[in-house]
Amino acid sequence: MEGLGAAAAADQLLKEAFKLVQLIRAVRDKYKGAPKEIEAWRQEIEDFTALIKSIEELPTLDGYGIDTTIERCRTICRDLTGIFGSLDFAATDPRLHKTCGFHVKAHDGGLTTWMAIKGIDQEPVVKKYFEELQRFKETLQLKINVSQLKQGHQTAQDVQFIKTAIQPGSEEDRCLKSLFITNPTDDRDAIITAKGVRIDGTCEWITSTNEYKTWIASPPSLLWLSGGPGKGKTFLSIFLTKSLSESAHVIYFFCDNKNASRNTAVAILRGLLYQLVGQYPQLLRHVLTPWKIQQDALFNSNSFESLWRIFQTMLEDLGTDLICVLDGLDECADDSLESLLRKTKILFTENLERHKLRLIILSRRHPDCLERVLGSFARIDLDSDQVSNRSDINSCITSRVAQLAKRKGISTSLIQHIEEIFQEKSEDTFLWVSFMADDLEKQTVPGIEKALQTLPKGLDEVYERILQHIKPENTAIIATMLKWISLAERPLSVPELAEAIQIHESNYMSKEELCLSYIESCGHLLQISLPRDADNDELSRDSVLRVTFVHQSVKDFLFGLAKHRKLSAFQVEKAQDDLDIASQLLSSMQNEWLKCVQDEQNMFKLQQGQMDAYPLAHYAVWNWNFHLLQLQDKKFLQLIDRNQSFFSDSSDIRDMWLDAKHLSGGADSLRFACEFGLTTLAKRSLERRKRTSPFTFSRYVNNRRYPESSLFLAMVYRNFALIQLLLSYNVKIEIPCSGFDDRNALQCTTEWGELEIFQLFEGKKSGKRIIDADIKASQRGVKRDSLLHLAARSGNSQMCSYLIERYHYNVEVVGAWGQTPICNAICGKSIGLAREFVEQWGASIADAGRILKAVANPPNSSRAEGSGEELDVVISEWKIDINTRDKYGQTILHLEFKRLAELAYSPPACHEFAAHCLMLGADPSVRATNGDAPFHLYRWFAQWGASSLRPVILLLRDGRLGVNDQGNGGNTLLHKFVHDAFNNPFLMFNDTLEKNGTFNALTSLLDVGADRTLVNSQEMTALQLAKMICDSGGKTSIKRTEDNIRILADIVDVLDNYATVSNQPLRLDPLDWAIQY
């Protein structure tokens, strides 16, 4: 790709886009009932081509990965072409008739309609592709801009600013994007699509039970619905989430052990938090504050404690009734499940008075921790004879047998016989009914009668018979296949699985065909299906078929086969099998797959899943570290001994695979171990280094050659075992642990609100010295943020309380900008903690200026808007004068408009906050000591266009300000507009948009009465000022394009010639002015 260059890549993308447009048109014209989305998609692709065509006319675009972005867009277009090209359903296509399980599904009699395609195939995939394409389009535009800037059109500082902007959206948007992991509503709909709709009348019995009635009537409360596999738990969950949502706020999560985004406690919390923020947007602040500090590390696999703390704080802050449904909790990974259950028990035993959550959990009884923790709460046992769900299984049997009878023409007496056998042998298991009904549909009527005599009883007998019928010569390879499916981090595709079990093609069959034959021989154990969720860590956008167990019960059966002596060959022995898989992956990574990561072209193909010769390598590149984490200590040591080069302090091969994973290589084995949470490897590395290099060992442990130290990485991932290991080897917690600032480990963990890690550090002598020095510095009046300031910024009440009560921190200690810790709590949008400072710890609110500054202008934060809640508390509860002025004479409105001037913010956010201030009594006419009113500080140009007049008009409507009021230097708003326009670094990015936006903004200002005849203290009108700057080329380092210069000349022309109703200063009725963004 690098050799082709961006222009050649753009040409190839244009060809793909052209083909795609033609196909979309064909689909639109062919299928009955196709929605307007089809036409919108076509238009989106055609609009996209305009940007691509412009690339061919640009100078070199090296250095910003533009060609790579284009190639990814081309991959998406090619995949979309494949999807739209395959939408050719025949009237007899079984996908238009398929019924699934025991649930009835509607179909349309074979008409090739869009609704059939939409419901059965790939509309969600298509939508996801177009969303990705839009993101790539935005990124591509930004990368082009950055490349142009680098070629001399802008200063280095501006280049860096725009490179940062390649992550589009507000902080809130980016935080939500990081938080998102899966959409539970989509997951629920996918289950319904796969299993069919609920049979009328089923599941409703649950609401008549005494346990349910008590649970629903008395929040906070917890109810556990337990039952064996195939008992209908998931459809009960679907019923509950839908019925309860009609009258209450409901959040929910459907666990799935086959999906990495749905099988951990962290994933569950992320899903619940995302829904809470969606229903109660004001709760986002609880996520946003720690995210600003930790970024995506807040949501990694080791962040359970942090996320639970946020979840609990949200519940407490909410203060209203909320229902939560958790389905399939037994499918959550064992290690994280125990943590989740432990916290849940505390929530419903020790913290009942602090929330109003009603939680209902549906799961099997195993693993044992479920019974141990949930057994003490109210429970409905679906396996109990006392539970009245027998009508549901009977309805299911009746429905499936009726379908069978209709297709086969079965007599009434045989129908009754089938129903009786099903009721006898199903063990009240819906899944068994579905399996057996599917099997009988393949038989003739005489065959059905004969098969009834030998039907297995219960699910275990079904699985046993399948394994018993596998041919002896296939036992070993199928056993290996089942082990890979059991232990892989995500479901494998057929080609990946074929390579994993090392199938070799025969004279007449490919590896994939042979693999499919083995899968088919496994009958009801396995299924092949499209994945419902993309793996967030993988870049592949393909929608290949993947192999999974039909049900969690299959995996449980394979893990418990030790008691079946005849079937022991198929038993999954996790410890040994994990080692075998990890060994196989590492062996291939260092041998036949090595060429996949030795050059950029092959690496890109590998990341995209396009290395057809090595399909499993695509799985390995993203998941090899997962298999290392699964190993027991002894097994890991065996793996290290077998792969000494890979696990050595310096490994070129390891670095190449890290590079393919988009992680920086070049790290020693200790840092590598800390980044991936490999405690066994870290211990081996430390022991080896101390033994071989005792004199340089301290430098090795505290290596600062990298941006983050090993200790910092262990802290980020909250790996207590690693932190304790490093402390045992005397890692220094007093030195800076990150290359981005000079904070030491104890300061970082305080700011993150990690009390448990803090307590580990305070137990060390160096930790005690840091705390003592911090307290003494505060007592001497040194202006720096103390540990209490950092804790307050994190919003962690527990950490603040610990510092105040254990170390007697002064709540009035002065920080870096003269603020007390209460200001840091307000900056972090933690108004609840700010209240605690006042009510529990006696913090003063006398310094009104700084408190208002914290509300409007949080230092070291890119938040433009103040929080309505913080403002209400400060003004209404604490009775602080909203027009309090600081030493520069500025009020809260000055601070807000000044903040807007310093950074590129959203005018609507400024407008909303300013409106709230006015409502609470803020005076917009108050002048700072230099003569500026708040609106004189307004920034007329944001990052991508001219700013809205709305915030300014809001202040003018108050009536105490005029549009021509002069500020510092005698400048009016019109003078300010000219200054901003001629010093705007963003004019070059989108000339058409800027020209229109600039014209509209300027004429709007003139239309509301801005006087062009007024002069400033230099005796210059706005027009004279514009001409002077334009004629002199502007005293600025910003280099202009010809189009930019024309836009600036247009400003002069508008000021000179634009005709308004009157050219005299007017006080038009502000209520007549339009307010538009």
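The values are calculated or read from the model by the stated rules, or taken from the named source; none is laboratory data. Quick caveat: nothing in here was measured; it's all calculated off a predicted structure. No Cβ is skipped: glycine too gets one built from the backbone with ideal geometry, and neighbour counts run over all protein chains shown.
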Report summary line: Filtering region 420-445 for residues that are on the phi < 0 side of the Ramachandran plot and not in a helix (DSSP H, G or I) leaves a count of 5
**Report entry** Test for Val373: is it modelled with pLDDT under 90, aliphatic (A, V, I, L, M) and either on the phi > 0 side of the Ramachandran plot or crowded, with 16+ Cβ neighbours inside 10 Å (or both)
**Finding:** no
Query raised in the report: Which one is nearest to the chain's Cα centre (by Cα) among residues in region 858-893 that are at pLDDT below 90, more than 21 Å from Glu836 (Cα to Cα) and crowded, with 20+ Cβ neighbours inside 10 Å?
Result: Arg863
Report summary line: In region 490-515, anything in a loop (DSSP other than H, G, I, E, B) and surrounded by fewer than 19 Cβ atoms within 10 Å (Cβ to Cβ) is listed as Gln502, His504, Glu505, Ser506, Asn507, Tyr508, Met509, Ser510
Requested in this report: Select, from Thr214, Thr234, Thr207, the only residue that is in contact (Cβ under 8 Å) with a residue 60 or more places away in the chain, more than 15 Å from Arg379 (Cβ to Cβ) and not aliphatic (A, V, I, L, M).
Outcome: Thr234
Query raised in the report: Identify, please: which residue in region 695-743 is in contact with a helix residue (DSSP H, G or I) (Cβ under 6 Å, 6 or more places away or on another chain) and of a type in the set (Gly, Ala, Ser) and is, among those, surrounded by the most Cβ atoms within 10 Å (Cβ to Cβ)?
Result: Ala714
Query raised in the report: Can you spot a residue in region 1045-1055 that is part of a loop (DSSP other than H, G, I, E, B), at pLDDT 55 or above and closer than 18 Å to Val963 by Cα?
Result: no
Query raised in the report: Does Arg699 satisfy being under 22 Å from Asn300 (Cα atoms) and either more than 25 Å from the chain's Cα centre (by Cα) or in contact (Cβ under 8 Å) with a residue 40 or more places away in the chain (or both)?
Result: no
Report task. Please determine, by comparing only the residues of region 547-568 that are β-branched (Val, Ile, Thr) and not in a strand (DSSP E or B), which one is surrounded by the most Cβ atoms within 10 Å (Cβ to Cβ). Result -> Val554
Query raised in the report: Counting only residues that are within 25 Å of Lys425 (Cα to Cα), acidic (Asp, Glu) and either in contact with a strand residue (DSSP E or B) (Cβ under 8 Å, 6 or more places away or on another chain) or part of a helix (DSSP H, G or I) (or both), how many does region 198-238 have?
Result: 1
Query raised in the report: In this structure, does Leu273 turn out to be surrounded by 23 or more Cβ atoms within 10 Å (Cβ to Cβ) and among the aliphatic types (A, V, I, L, M)?
Result: yes
Query raised in the report: Residues of region 466-483 being more than 9 Å from Ile501 (Cβ to Cβ) and β-branched (Val, Ile, Thr), which ones?
Result: Ile466, Ile470, Thr475
Query raised in the report: Which ones in region 582-597 are among the hydrophobic types (A, V, I, L, M, F, W, C) and more than 13 Å from Arg642 (Cα to Cα)?
Result: Met589, Trp593, Leu594, Cys596, Val597
Query raised in the report: Can you pull out the residues in region 830-839 that are surrounded by fewer than 24 Cβ atoms within 10 Å (Cβ to Cβ) and touching a residue at least 12 places away in the same chain (Cβ under 8 Å)?
Result: Ile831, Gly832, Arg835, Glu836, Val838
